[in-house]
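These notes are about the structure you will find just below.
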Amino acid sequence: MKVALYIGDHAADGLLARAGWLVTRKVQKGPYAMVTHVEAVHAEHADGAVTIASASLRDGGVRSKRVHLNPAHWLIVDVPQWDVTQSIALLAATNGMPYDWRGAVATVFIGSQDNKRWFCNEWVAAPFIKASGTFGPHQFAAVALSLGSALSLDAAAVDALFVDAALI
């Protein structure tokens, strides 16, 4: 399965969303601290679009949508051990469930698990990683990149990207 890691700047977001992403980046530690959102890639289309799924703050919860991902803002990682059919099954079971603000914040301090609400990396990781609610986006990125490989960049470029981003 492929996953998409968001490393963009959130400049187009509203003030409240930008403040939330700033807090996310400030509390996350390590080389992948710039990853603020993750998506499961469920399908790739001939026109370059992809169907992604996750729990999205902007979209209000668990959802799937067809989009074109800007390669300057997204790093695609192929994790061959993860089977996309498990993620698709999770979407069928959880589609429309609300975003878990409390859980997303709690991962920084105590971990969280609310079976009726989800945050992005918790949802994407749930079929594959035990206690997925205890991970932040940066930790999810570390796991995905450790198990899989970046498709758009080689390993040195990925490392450089995150080292440079951590200095910003």
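The values are calculated or read from the model by the stated rules, or taken from the named source; none is laboratory data. The model shown is predicted, which means the values in this text are computed figures rather than measured ones. Counting neighbours? That spans all protein chains shown, and the Cβs are built from the backbone with ideal geometry, glycine included. Ligands, DNA and RNA are excluded from the accessible area calculation, which covers all protein heavy atoms including side chains. Shrake-Rupley method; radii C 1.70, N 1.55, O 1.52, S 1.80 Å.
Of note:
- Charge sum, other residues only, whose C-beta stays under 12 Å from residue 91's C-beta, Lys/Arg counted +1 and Asp/Glu -1: +1
- The Cα center of the range 126-144 and the Cα center of the range 50-67 differ in position by 18 Å.
- Within the accessible area of the range 34-151 (1.4 Å probe), percent carbon and sulfur: 56 percent
- Under a 5 Å amide H cut-off, with hydrogens placed 1.01 Å from N, residue 61 pairs with 56, 99 among residues at least 5 apart or on other chains.
- Shown here: the range 37-86, whose C-alpha atoms stretch 29, 25, 18 Å along the first, second and third principal axes, sorted largest to smallest.
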